Every structure is written in structure tokens, then in C-alpha cells.
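The values are calculated or read from the model by the stated rules, or taken from the named source; none is laboratory data. From a predicted model like this one, the values you see are computed outputs, not experimental measurements. Cβ atoms come from the backbone with ideal geometry, glycine included; neighbour counts cover every protein chain shown. The accessibility values were calculated without ligands, DNA or RNA, using every heavy atom of the protein model including side chains. Shrake-Rupley method; radii C 1.70, N 1.55, O 1.52, S 1.80 Å.
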Amino acid sequence: MVFGFLKGRKYSAQADLFISLDIGTELLKGILFSRGTGSIVAKSHFYLRQPKKAMRSGKITDKELVTYGVDAVVSKLTESFVRKDTKVMLGIAGDLVNGVSIEVTYTRKNPNRVIDSQEETQILEYVYNEVIKQSLPILARRLGLPEQKIALLHIGVVGILIDGVPTEGLVGQKGGRVLLNIYSSFAPHDDVFIIGEVMQRLGLKPVGLVAQPYAVARAYKSSRRVDFSAIFVDIGGGTTDIAIVLQGFSLKTKMYAFGGRIFTERIAKELGVTYEIAEDIKMKYSAGLLNPSLMVKVREALREDVNLWVETFKNALEEFSDIEYFPEQVYLCGGGAMLPDLQDVLRNYAWTQVLRFNKHPTFALMSPYDTEGVLIQDPDLKYPYDVTPVSLARVYFDIVTSPRYNYVVLWK
């Protein structure tokens, strides 16, 4: 495969306005942002609750409803200027979205020669092709699909070692053994095609589509330092997304279909109310705004499902079999992370007895202010459920400033 972008894909350096769009199972989240000097500027946001049948487990099940919702979000964010070729940075999640972390080694013939841009292109072409060649057969077996039915979304360079020494880039370096840690994301072609149809129908111009747990982990402050390791958990409406960063060099992800919608459905069933009312009760419960007797009822209603979620989370971590010891810092985001019961069970669970933790992990809620290189002008962007759309905006900054190290598949 020839990666033409390595030979000169250009991105506008002007302060254009963009939208980061998190097409979630429960909420459509849009943030209007611009590229400032050395940062992303988050200007405003608009969220819209999805009809229940619009999506399931991060997958679009009613294209018309989602199209209507995306149009409403984008129209609100762009109401103060002419909407034309609006550029959108997209995130994707769901248990069918697969991230693959692969280390690829490239041996240079002349280690004493300084790497120039031409050789950088050769190295990246080789590495990216190796990533696709190694990943597609694995994913075909995992998803039960032929390789041609799997779409590449994004390839990102997470870490570089040259003769064992970390470096941020290849150009200007010497050495013989170049090791690149690459994170790539893939999804079933049909699911990606539906998203593309929604964008095309609304006249929107995608500038990237990345796996959301990758965006959250890469956007966090200090997550690229060699002394940084952590687990990121994004509990959305339909899915839970996990990203694990090791020494700022390696990034691994997993997504599974168990999110906050399960808790809402439980409240609706136990209290005998509609789904919409149950969602409102859940939000007020998380904020401690219900009367004491109703707080007790909701807590009892959620007890079994909260425990089941934590067990499912533990089982998901077990599948990272190649990690010797898990990082002891865990960051939580997404609307589901705001449930106090879930936080309590996580903090009190016997993690060191069941998984490879050296000591009991620490759990903390994330906010958009924990992201790096983002200036937040909208004072209402401050909650754990705001983290993902803000992180998507931050990843766009990487795509613009380092396009060779962040390959995204764009629709024509």
C-alpha cells in the first residue's frame, strides 16, 4: 500500500473552525474548536440526546435518526456563521472497533548517516505496511469477517526507540535499530460506510476518524512521557472503552458493550418509569440531588448491575495477557463514571488478589482540564462526559502538526 500522505498531505494552518463529534449511544456530543498557537481552543459545545433506537452498543442502527441528530448538533454549533464544507473530527467506539498495538523494527543499512525526510518516508512506508499486513489476518479471525470487509481507520506512532533510546521523531537522528510502537484502529467496513454516508448527506467534511479510547489516552497530560503509565476507562452509554498506556511508549485498547444504558434500564424497570425519566433520575442520583428515600431505592436497584459491571471490567483487563503488571493509576471518564456506587465498588474491590497489580490501584475522575494543549473557553466543559469530544479535538492537533506520524483515512 502506498501512503501518499507521506509525500505531502497538507493541512491548513489558518485558524479555521472545526467540530469534534462523538456519536454516542446515548448522546451526540459536538464541540466547536479552532487551532490556536500551539494548542486547540474549545469554544462551545452542544449535546443532543439520541432516541433509544438510534444506536446500540456504539453501532448505528437507525441511520435516519442519527443523520437528523448530527444535523441538529452541527447546525447549532455553526449558527453564527455560514455553514460550508464544515470540517469534522470523528470518534468511533463499540465492541466491533478494534485497536491493534504492534512493535515494528526497521534495521538501517548505514547507522552513522543522519536520517533525512526521504529516509523517514521509507521507514514509515515499511512500518505502516507491516502494521496492515500483520493486523488484518488477526482481525479477520477475531471479527469473523473477510479481510476486505475490514476498514483501516487510523495509524498513529505512539513511541520511537533508536538503538534503545526514546526520541520524538526520526529526522536528524542516527542509529541502526529503529523500533516504532504503532497503534492502529480498524472497524467493519459496513459500519464505517454508514458514518461516511451520514457525513456526505449533510455536506460535512471528515478530517479524521479515530478510536475514542486512543484519543482519550493520547490527550491526557503527560501521557507521552517515558515515566507515565495508567489505565483509562471511558464508560459511555452503550460501551465501556479501556486504554492502557505503558511508559508513554505503548498503548493498548479494548472495548466492550456494557455501558450506562444498562443502569438506566434497570432504574426504569425497578421504579416503573419511562426510560427518559429513568435517565433523568440516574443523572440526579449521580449528583446527589434526589430525596433520601429515592436515593436508597436507586442504590438498591443498581447494586447488582454495578457489581456485574466491575466483574466485566475485571474480565476485560484479564484479556491483556501480555501486560506483566498493570499500572496502578486508573482514570475514569464518561457519564457512567459519575455513578458514586460504581466508584465505591472499584475502590474497594480486591484488585491485587485477582489481577497483576503490585499494589491497590488509585481511581480518579477525569475532566477536560486534564487534557494537554487544549484551551477551554466554554466554562460548561468541565465534566467527565466532556472528556471524549475534547480529546478528539486534541487528536486533530496531532494530525495537523504531525501528519506523517498520524495517518487517517479520509473520505473523498
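Go through the range 289-382 and tell me which strands (runs of 3 or more DSSP E), entirely inside it, have 3 or more residues that are without any contact (Cβ under 8 Å) to a residue 60 or more places away in the chain. Spell out how you get there, then give the answer.
On the way: elements: 329-333, 362-365, 374-376.
Result: 362-365.
Take the conditions open to solvent by less than 60 Å² (accessible area, probe 1.4 Å) and within 24 Å of Val73 (Cβ to Cβ) and apply them to Gly156. Does it pass?
On the way: open to solvent by less than 60 Å² (accessible area, probe 1.4 Å): yes; within 24 Å of Val73 (Cβ to Cβ): no.
Taking the combined requirement at face value, the residue does not satisfy it.
Considering only the range 163-182, state which residues are open to solvent by 10 Å² or more (accessible area, probe 1.4 Å) and assigned to a strand (DSSP E or B).
Once the filter is applied, which keeps residues that are open to solvent by 10 Å² or more (accessible area, probe 1.4 Å) and assigned to a strand (DSSP E or B), the range 163-182 yields Val165, Pro166, Arg177, Leu179.
Can you go through Tyr385, Tyr405 and tell me which one is open to solvent by 30 Å² or more (accessible area, probe 1.4 Å), within 16 Å of the chain's Cα centre (by Cα) and of a type outside the set (S, T, N, Q)?
Numbers: Tyr405 fails: within 16 Å of the chain's Cα centre (by Cα).
Sole residue among the options that is open to solvent by 30 Å² or more (accessible area, probe 1.4 Å), within 16 Å of the chain's Cα centre (by Cα) and of a type outside the set (S, T, N, Q): Tyr385.
Could you look through the range 239-284, keep only residues that are among the acidic types (Asp, Glu) and open to solvent by 30 Å² or more (accessible area, probe 1.4 Å), and pick out the one that is nearest to Lys59 (Cα to Cα)? Even if it seems obvious, please write down each step before you answer.
Restricting attention to the range 239-284, the residues satisfying the condition of being among the acidic types (Asp, Glu) are 241, 265, 270, 276, 279-280.
Of the ones still in play, those that are also open to solvent by 30 Å² or more (accessible area, probe 1.4 Å) are 265, 270, 276, 280.
On the way: Glu265: 18, Glu270: 27, Glu276: 20, Asp280: 23 Å.
Applying the filter and picking the extreme gives Glu265.
Of all residues in the range 86-135, which are small (Gly, Ala, Ser) and assigned to a helix (DSSP H, G or I)?
From the range 86-135, those small (Gly, Ala, Ser) are 91, 93-94, 99, 101, 117, 135; that's our starting set.
If the condition is that a residue be small (Gly, Ala, Ser) and assigned to a helix (DSSP H, G or I), then Ser117, Ser135 are the ones that fit.
When the residues of the range 312-335 are filtered to those that are under 14 Å from Asp234 (Cβ atoms) and open to solvent by 10 Å² or more (accessible area, probe 1.4 Å), which remaining residue is modelled with the lowest pLDDT?
Restricting attention to the range 312-335, the residues satisfying the condition of being under 14 Å from Asp234 (Cβ atoms) are 313, 316, 330-335.
From the residues that got through so far, the ones that are open to solvent by 10 Å² or more (accessible area, probe 1.4 Å) too are 331, 335.
Details: Tyr331: 98, Gly335: 93.
Within the range 312-335, the match that is modelled with the lowest pLDDT is Gly335.
Note down all Cβ pairs under 8 Å where the first residue falls in the range 63-83 and is within 14 Å of His45 (Cβ to Cβ) and buried (at least 16 other Cβ atoms within 10 Å of the Cβ), the second is modelled with pLDDT under 95 and among the basic types (Lys, Arg), and they're at least six residues apart or on different chains.
Val74/Arg83
For Pro292, indicate whether it is surrounded by 14 or more Cβ atoms within 10 Å (Cβ to Cβ) and out of contact with any helix residue (DSSP H, G or I) (no Cβ under 7 Å at 6 or more places or on another chain).
Details: surrounded by 14 or more Cβ atoms within 10 Å (Cβ to Cβ): no; out of contact with any helix residue (DSSP H, G or I) (no Cβ under 7 Å at 6 or more places or on another chain): yes.
When the stated conditions are applied, Pro292 does not pass them.
Filtering the range 44-62 down to residues that are open to solvent by 50 Å² or more (accessible area, probe 1.4 Å) and in contact with an Asp or Glu (Cβ under 8 Å, 6 or more places away or on another chain), which residue is nearest to Leu153 (Cα to Cα)?
Out of the qualifying residues, it is Lys59.
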